Amino acid sequence: MAVLGRYAGVVHVLAEHLRAEGLSVAVTWAADDPAATVRPSPDDLAGLRVVVTLAPGDPTLDDLRRAGLTQPVVAVAWHPDDELELPPGPTRIVRTGRVMADLVDEVRALATE
């Protein structure tokens, strides 16, 4: 699995939550991490379940879709729907108030799509 987003602290918390639930997180990337390498490409993410952060001003999902990522992703959203613009492509939304309850189920569901 891969967890990607704008802020390293958020990416770390999401990755640790998934690991605590027994899921393997192979790739983490955050735009504001000074030690970060180049954002993983769609080829790097092939075969992985992908979790991204989603908020106005967070280009992670848009950039991945523009780069050619077509697989389903789980997006953790901090804002109401009317503030979010989703790029084309299959996306499952998990609300921040429900992250601990819903994130693992949504990630596991990607394996069935």
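The values are calculated or read from the model by the stated rules, or taken from the named source; none is laboratory data. It should be emphasised that the depicted structure is a prediction, and the values quoted were computed from it without experimental measurement. Because the Cβ atoms are built from the backbone with ideal geometry, glycine has one as well, and the counts that use them run over all protein chains shown.
Assorted remarks:
- The stretch 85-106 residues that are small (Gly, Ala, Ser), paired with ones that are in a helix (DSSP H, G or I) and surrounded by 12 or more Cβ atoms within 10 Å (Cβ to Cβ) (beta carbon under 8 Å, 6 or more apart): Gly89/Arg65
Conditions (1) surrounded by 14 or more Cβ atoms within 10 Å (Cβ to Cβ); (2) within 21 Å of Val99 (Cβ to Cβ), marked per residue:
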position	(1), (2)
Gly9	no, yes
Leu14	yes, yes
Pro34	no, no
Val38	no, no
Asp43	no, no
Ala46	no, no
Asp58	yes, yes
Thr70	no, no
Ala77	yes, yes
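- Residue count for the stretch 1-31, restricted to those that are without any contact (Cβ under 8 Å) to a residue 12 or more places away in the chain and of a type in the set (Val, Ile, Thr): 1
- Elements of the type helices (runs of 4 or more DSSP H) sitting completely within the stretch 20-113 and holding at least 1 residues that are modelled with pLDDT of 90 or more and basic (Lys, Arg): these cover 60-66.
- Restricting the stretch 38-91 to residues that are out of contact with any helix residue (DSSP H, G or I) (no Cβ under 6 Å at 6 or more places or on another chain) and basic (Lys, Arg), the residue that is farthest from Ser24 (Cα to Cα): Arg66
- The residue pairs whose first member lies in the stretch 32-43 and is charged (D, E, K, R), whose second member is surrounded by 12 or more Cβ atoms within 10 Å (Cβ to Cβ), and whose beta carbons are closer than 6 Å, counting only pairs six or more residues apart or on different chains, are Asp32/Tyr7; Asp32/Ala8; Asp33/Ala8; Arg39/Trp29.
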